[in-house]
Amino acid sequence: MMGFDTRFRDFPDYLRAAGREIWEGRTLGDGLAAFYHPAIIRRDARGVLQGTEALRASGLAEMYALPDRRLLTEDVIWSGSDKRGLLGSKRMVAVGRHIGDGPWGPASGARLRYRVMADHFAKAGRISDEWQVVDTAALLAQTGQDVKTWARARLDGPDTEEPVFCPEVDVQGPYTGRGNDDSWGLALEMVVGRLMAGHLSVVPDQYDPACSLAYPGGEVRHGHAAAERFWLGLRQSFPSASFAVHHRIGQETPMLPPRAALRWSLTGRHDGWGAFGRPTGAAVHVMGISHAEFGPDGLRREWTLYDSAAVWMQILASDG
């Protein structure tokens with residue numbers, strides 16, 4: 001329960017309300033002040049934003065490009081306590097019409113649908129730490145743009161001092177937790193860890209044969225072969241990169257299947273053939289978030305997201 005604010009029935013309700021009031025209620029001023037700590041730290045593909053003024057400026061640019069954008073919350077997987085603070089891993093679908101020039105290029109008039117996943121930490125009624133991943137590739141494809149071409153143009157732009165988020169530009173925030181030790185979170189960590197170690201046998205061993213999969217670029221796939229191809233394509237692009245799990249949550253909730261959320265990263269060199277083409281040796285940091293649901297035949301639904309535009313920016317920056 002949310003002891004610090006009795007208006008909300010639980011932490012997921014609080015996070016859903018924050019999105020509704022700020023975006024649909026158009027309260028980038030009062031809404032940010034109500035839900036966010038003044039020293040909020042947000043990490044996403046564009047680097048690190050600090051403070052509500054920085055969030056407001058970024059939000060206004062996005063609101064101009066997509067004035068009718070709605071953030072539809074699919075799920076919040078959470079852990080913590082009122083005393084220590086609460087961490088919610090939130091999975092959303094953003095919908096809206098691209099009718100204004102902005103961070104995603106000239107107005108296209110396209111109706112967009114793309115996924116956003118984010119970890120939010122809150123204590124004493126304020127969100128103070130965030131990690132956000134946007135499916136920029138899916139968004140760009142719907143506006144008729146190629147993600148690699150967009151990444152090149154973004155690098156050449158005059159307004160990008162720190163082109164992407166990476167450990168070198170990170171800022172330590174108030175949250176230092178690692179989640180919980182629930183068995184479902186441990187199960188997801190084991191699955192992704194084995195995939196990152198190259199043990200593709202974990203797919204037929206742990207995934208439901210009819211598994212439903214959602215991956216970057218708006219891809220929706222089903223079955224073992226699709227899971228193997230996605231994870232192999234990512235790992236083989238960065239075969240020597242270090243894999244790390246930064247946060248893990250497992251949860252059982254009435255009327256829902258067992259679920260888990262994982263925030264992870266790959267840090268190293270683009271030294272292999274895979275989802276990102278010819279090896280370039282570029283230094284790359286990939287921030288990813290995965291959600292999963294489990295059933296009697298194993299992992300039945302998976303959502304994994306990283307921002308492929310940010311990966312291309314790092315590769316192209318090194319490749320000239």
* Asked: What residues have an amide H closer than 5 Å to that of Phe165, excluding those fewer than 5 places away on the same chain, when H is modeled at 1.01 Å from N in the peptide plane?
  -> Arg46, Gly47
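Write down, largest first, the equivalent ellipsoid semi-axes of the chain in whole Å, where each equals the square root of 5 times an eigenvalue of the alpha-carbon gyration tensor.
28, 26, 18
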* Provide the FRET efficiency to the nearest 0.05 for the Ala54-Val220 pair, computing r from the beta carbons and using R0 = 30 Å. => 0.35
* Asked: Using alpha-carbon positions, what is the distance between the centroids of the stretch 232-265 and the stretch 22-76, in Å?
  -> 25 Å
* To do: Determine which residues of the stretch 279-320 fall in the zone a paramagnetic label at Glu168 would reach in this model, i.e. backbone nitrogen under 11 Å from the point 7 Å along Cα→Cβ.
  => 283-285, 318
* List the aspartates and glutamates whose Cα lies under 18 Å from the Cα of Lys123, skipping any in the same chain that are fewer than 8 positions away. => Asp5, Asp10, Asp13, Asp82
* Asked: By how many nm would the segment from Ala283 to Ala39 grow when fully extended, if each residue of separation counts as 0.36 nm and the alpha-carbon distance is taken off?
  -> 84.8 nm
* Residue by residue through the stretch 278-292, which ³J(HN,Hα) values in whole Hz follow from phi under the Karplus form 6.51 cos²θ - 1.76 cosθ + 1.60 (θ = phi - 60°), with glycine and proline marked x? -> 4, x, 10, x, 4, 6, 9, 10, 10, 9, x, 10, 10, 10, 8
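Given 0.36 nm per residue, what is the gain on full extension from Arg69 to Asp319 after removing their alpha carbon distance, in nm?
86.5 nm
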* Asked: Taking the stretch 95-202, which GluC sites (Glu not before Pro) meet the DSSP loop condition and have no more than 12 other C-beta atoms within 10 Å?
  -> Glu161
* **Anisotropy class of the stretch 165-294 from Cα gyration tensor, a/c 1.5 cut** => oblate
* How large is Rg over Rh for the stretch 1-95, taking Rg from the Cα atoms and Rh as the Kirkwood inverse mean of 1/r across Cα pairs? -> 0.95
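None of the figures in this text is laboratory data; all of them are computed from the coordinates on show. On a predicted model such as this, the values are computed, not experimentally measured, just so you know. With ideal geometry, Cβ positions are generated from the backbone for all residues, glycine too; neighbour counts draw on all protein chains shown.
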